Structures are given as C-alpha cells and as structure tokens.
Amino acid sequence: MFKYLFRFAALLLLTTTLYSCSSDQDVVNVYSGRHYQVDENLFREFTLQTGIRVNLVKADTDQLINRLELEGRNTPADVFITADAGRMIQCVEKGLLRPMDMSAISKVVPANLRDSDNYWTGFTKRARVLVYDKERVNPEELNSYEDLVSHQWKGRILVRSSQNHYNQTLMASIIAEHGEEKALNWAESVVNNMAQSPRGNDRDQVKAIAAGIGDIAIVNTYYMGLLLNSPNQEEQRIARQMGIYFPNQQDRGTHINISGAAITAYAPNKENAQKLIEFLLNPESQREFAEKNYEYPVNTLVEWTDLLKEWGTFRGDTIPLDKLGKHLSRATIIFHEAGWN
Ligand code: FE
C-alpha cells in the first residue's frame, strides 16, 4: 500500500505540462536521460527545419523508465533517450518501446550499435578507455581491462561506483567474453587494486589522478573533451597532464556504449518521433555531437573532429549491444559479490 502511494505521489510530482500538448499535430515529446546543451540546440534546429515543436523532459534515466511504466498507455512521451544501451534493453524487456522504421537508419548506423528487432538505435558512440598520468605511467605498461588485475596496479586504479550504468554495461561485456566466474575474479582483483573506494563521476576519477590518489582511471573519452575545453583553467591543465589509452586492441577491442533513441510503445506522435530520430542521425547533427560533446558519430559517413582524430583511431568491440542485455542482472550481482560498491 505504501509502495503504491509512493509511486502515485512520484507520478504526480513528475507530471508536468506535457499533457496539454501531447496530441498536437506539430509536436514531439521527448523524455531524455541526457543533459547536454548540444541536444537542446539540435532540438531547436529540428523545430526550425520542420515546424515540429520539441517538448523536452530531462530526468535521471531510471526515473524516466519508472515514469513510462506508470503512465502506460497514457504517456505523452514519443521519444525516449538514454546514455546507455543497457537501459534501452531493459525498456524493450518491459514493453515500453515500439519498433521503428530502420530503412534509412540502417544505412548509416552499424548493426552492432542498434537493436536487431528495431526497437532502438544508437545516435552517439562512447569508448570506455583508460586515462593515465603521463608522468607516472608509461602507456606501454597498459594493455587491456583484463590486465588491470596485475599486481603492478595495486593501489593505483580509479573507477566510479558499480551503480553507474557505464560500468554495468562494461561488466556485461566482460561476462559475455569470459563467463560469470572469470568476470567475478576480474572484479575482485580490480577492487583489490583500487586506489580508493569508488566515489564521484568519471571526471572526478581524472581529477583524483591529478591529485595523486591513483595513476589510471576507467573513463569515457568525452569527459576528457569536456575537461580539455572547460572554462576552468585548472580542469584544462589536469586534462593536458593525462594520456588516453584504448584497451584491448590486440583482441576484441575497447568497450563501446551508445546514447540511444527509441519510440515509446504508446507514442501519440509516432511520425514526428521517427523524424526527430532520423534528424539526430543526419551528418550535420552527428558532427555537432562530435564538435560540442566530443562523442563519436555513429554515422560512419561523418568525418571525425580534430580532437577525436588526435586521440587516435582504435578497434572498438563490435559485439552487438543488444546481446549484452541478458548479462545485466548478473553484472549487478557480480559487482556486489566482488565488493565493488
Ligand atoms: Fe556521461
């Protein structure tokens, strides 16, 4: 009963102005777990080009998933956006999405970065790399995620909490590659080599290297772009002190995740939703994500920015991201068993 009341209260709290305009002809309602200025700029550009107004609700991804579940058939949401393939897979499993038309999308987005049943597509690509202090670490000492268990990294590894979606999907990829038992051994050894118990976000891990707490960190590359281009001089200085290493170049490649977009199961404005998602994949939008947010384009026809080129080309893991879903619940359990908080 309490749980029911709580959920009802949460729904009321979350419910904003969307209902009034949900079935308008020239509107698309977006629930987004991404909180970037570049997204809002692109939505504005979409409105200029099409006349379709974008109503944006930004919140934590898990909150938005709860909200979609609670709203059910009455949801005003047309498009769901999240910065993690794992959360997309959960939405498919919960019946919150509907298949979209992939005829144009499949021409520009590689198959491993979109759902094979057409429920979602990636629209930016992220690489989870090793960032290291250029003075204290020789990149020749680095190799793979698996190699982080080596005794030489004792007390030197920085990484955020296992509550974080990026780490959960990384763990799912390690289970997919090695099985659950080896994945648990890996997690235990990484915990054993940590410089401190996990805290903060990806950017905080890089700052902790600069503060001398550890020497290497597991981080998404675009955070380095954000630091290098920060209005804060100290953040810029810290970022310049760091190197970026793409792990697993000798085998399956560096772990890749996506920011993805999907059409919700009960979208009142399906056609507009499809148009918005295709707009995010056009070359101009793809270039904007790279320029302003330092993410990799998923559209293979789009040229990389100078900064992305500077970080270097690399082999990315090509495991289809929709195949990682079945390992996600075990990933959480293994982290727990390994004491990775
Ligand atoms: Fe992020």
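If we scan segment 325-335, do we find a residue that is closer than 30 Å to Val28 by Cα, crowded, with 18+ Cβ neighbours inside 10 Å and at pLDDT below 95? Even if it seems obvious, please write down each step before you answer.
Pass one, segment 325-335, residues closer than 30 Å to Val28 by Cα: 325.
After this cut, where a residue has to be crowded, with 18+ Cβ neighbours inside 10 Å as well, the list is 325.
Pick out the ones that are also at pLDDT below 95 and you get 325.
The answer is yes, given that some residue of segment 325-335 is closer than 30 Å to Val28 by Cα, crowded, with 18+ Cβ neighbours inside 10 Å and at pLDDT below 95.
Would you check which residues across segment 226-243 are touching a Ser or Thr at 6+ places or on another chain (Cβ under 9 Å) and within 16 Å of the ligand (Cβ to nearest atom) and list them?
Result: Ala239, single match.
Does Arg203 satisfy the condition of being surrounded by fewer than 18 Cβ atoms within 10 Å (Cβ to Cβ) and either within 30 Å of Asn341 (Cα to Cα) or away from the ligand (no atom under 16 Å from the Cβ) (or both)?
Details: surrounded by fewer than 18 Cβ atoms within 10 Å (Cβ to Cβ): no; either within 30 Å of Asn341 (Cα to Cα) or away from the ligand (no atom under 16 Å from the Cβ) (or both): yes.
Judged against the criteria, Arg203 is not a match.
Would you confirm, using the coordinates I've provided, whether Thr61 is more than 25 Å from Gln286 (Cβ to Cβ), among the hydroxyl-bearing types (Ser, Thr, Tyr) and modelled with pLDDT of 95 or more?
Criteria not met by Thr61.
Taking the condition of being farther than 14 Å from Asn29 by Cβ, touching a helix residue (DSSP H, G or I) at 6+ places or on another chain (Cβ under 7 Å) and more than 16 Å from the ligand (Cβ to nearest atom), how many residues in segment 245-280 meet it?
5
If I filter segment 157-167 for residues that are in contact with a Pro (Cβ under 9 Å, 6 or more places away or on another chain), crowded, with 22+ Cβ neighbours inside 10 Å and over 30 Å from Ile105 (Cα atoms), do I get at least one hit?
Among the residues of segment 157-167, at least one is in contact with a Pro (Cβ under 9 Å, 6 or more places away or on another chain), crowded, with 22+ Cβ neighbours inside 10 Å and over 30 Å from Ile105 (Cα atoms), which makes the answer yes.
Each row is one residue, and each column tells you yes or no for (1) farther than 24 Å from Ser285 by Cα; (2) more than 16 Å from the chain's Cα centre (by Cα); (3) surrounded by fewer than 17 Cβ atoms within 10 Å (Cβ to Cβ).
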{"site": "Ala77", "(1), (2), (3)": "no, yes, no"}
{"site": "Thr82", "(1), (2), (3)": "no, no, no"}
{"site": "Gly86", "(1), (2), (3)": "no, no, no"}
{"site": "Gln90", "(1), (2), (3)": "yes, no, no"}
{"site": "Gly95", "(1), (2), (3)": "yes, yes, yes"}
{"site": "Met100", "(1), (2), (3)": "no, yes, no"}
{"site": "Ala104", "(1), (2), (3)": "no, yes, yes"}
{"site": "Val108", "(1), (2), (3)": "no, yes, no"}
{"site": "Arg114", "(1), (2), (3)": "no, no, no"}
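Examine segment 88-96 for a residue that is within 16 Å of the ligand (Cβ to nearest atom) and either modelled with pLDDT of 95 or more or more than 24 Å from Phe246 (Cβ to Cβ) (or both), and state whether such a residue exists.
The initial filter retains those residues of segment 88-96 that are within 16 Å of the ligand (Cβ to nearest atom), namely 88.
The next check asks that each one be either modelled with pLDDT of 95 or more or more than 24 Å from Phe246 (Cβ to Cβ) (or both); those that pass are 88.
Scanning segment 88-96 turns up at least one residue that is within 16 Å of the ligand (Cβ to nearest atom) and either modelled with pLDDT of 95 or more or more than 24 Å from Phe246 (Cβ to Cβ) (or both).
For Ile209, indicate whether it is closer than 25 Å to Asp306 by Cα, more than 16 Å from the ligand (Cβ to nearest atom) and of a type outside the set (Lys, Arg).
Values: closer than 25 Å to Asp306 by Cα: no; more than 16 Å from the ligand (Cβ to nearest atom): yes; of a type outside the set (Lys, Arg): yes.
It is false that Ile209 is closer than 25 Å to Asp306 by Cα, more than 16 Å from the ligand (Cβ to nearest atom) and of a type outside the set (Lys, Arg).
Could you check, for segment 311-325, whether at least one of its residues is of a type outside the set (A, V, I, L, M, F, W, C), outside the structural domain of Leu226 (by TED's automatic domain parsing), out of contact with any helix residue (DSSP H, G or I) (no Cβ under 7 Å at 6 or more places or on another chain) and assigned to a helix (DSSP H, G or I)?
no
Can you confirm whether segment 300-312 contains a residue that is among the hydroxyl-bearing types (Ser, Thr, Tyr) and farther than 22 Å from Met88 by Cβ?
Going through segment 300-312, the residues among the hydroxyl-bearing types (Ser, Thr, Tyr) turn out to be 300, 305.
Filter again for farther than 22 Å from Met88 by Cβ, leaving 305.
Within segment 300-312, one or more residues are among the hydroxyl-bearing types (Ser, Thr, Tyr) and farther than 22 Å from Met88 by Cβ.
Filter segment 137-171 for residues that are among the charged types (D, E, K, R) and out of contact with any Gly (no Cβ under 9 Å at 6 or more places or on another chain) and give the result.
Of the residues in segment 137-171, the ones among the charged types (D, E, K, R) are 140-141, 146-147, 154, 156, 160.
Correct list: Glu140, Glu141, Glu146, Asp147, Lys154.
Residue by residue through segment 105-143, note down the ones that are away from the ligand (no atom under 16 Å from the Cβ), closer than 18 Å to Leu158 by Cβ and in contact (Cβ under 8 Å) with a residue 24 or more places away in the chain.
Within segment 105-143, Leu130, Tyr132, Asp133, Lys134, Glu135, Arg136, Val137, Pro139, Leu142, Asn143 qualify.
When you go through Phe314, Phe289 one by one, which is the residue that is under 28 Å from Ile175 (Cα atoms) and buried (at least 16 other Cβ atoms within 10 Å of the Cβ)?
Values: Phe289 fails: under 28 Å from Ile175 (Cα atoms).
Of the residues listed, the single one that is under 28 Å from Ile175 (Cα atoms) and buried (at least 16 other Cβ atoms within 10 Å of the Cβ) is Phe314.
Among the residues of segment 29-71, write down those that are assigned to a helix (DSSP H, G or I), surrounded by fewer than 19 Cβ atoms within 10 Å (Cβ to Cβ), over 17 Å from the mean Cα position of the chain (by Cα) and of a type in the set (A, V, I, L, M).
Leu48, Leu70
Report, by residue number, each residue of segment 75-84 that is within 13 Å of the ligand (Cβ to nearest atom) and not in a strand (DSSP E or B).
Once the filter is applied, which keeps residues that are within 13 Å of the ligand (Cβ to nearest atom) and not in a strand (DSSP E or B), segment 75-84 yields Ala83, Asp84.
Which residue out of Glu188, Glu181 is more than 16 Å from the ligand (Cβ to nearest atom), charged (D, E, K, R), touching a residue at least 12 places away in the same chain (Cβ under 8 Å) and assigned to a helix (DSSP H, G or I)?
On the way: Glu181 fails: touching a residue at least 12 places away in the same chain (Cβ under 8 Å).
Being more than 16 Å from the ligand (Cβ to nearest atom), charged (D, E, K, R), touching a residue at least 12 places away in the same chain (Cβ under 8 Å) and assigned to a helix (DSSP H, G or I) holds for just one of Glu188, Glu181, which is Glu188.
Consider only pairs whose beta carbons are under 7 Å apart and that are at least six residues apart or on different chains; among these, list those whose first residue lies in segment 302-318 and is at negative phi and whose second residue is of a type in the set (A, V, I, L, M) and in a helix (DSSP H, G or I).
Trp304/Ala290; Thr305/Ala290; Leu308/Ala290
The values are calculated or read from the model by the stated rules, or taken from the named source; none is laboratory data. Since we're looking at a predicted model, the values are computed, not measured. Counting neighbours? That spans all protein chains shown, and the Cβs are built from the backbone with ideal geometry, glycine included.
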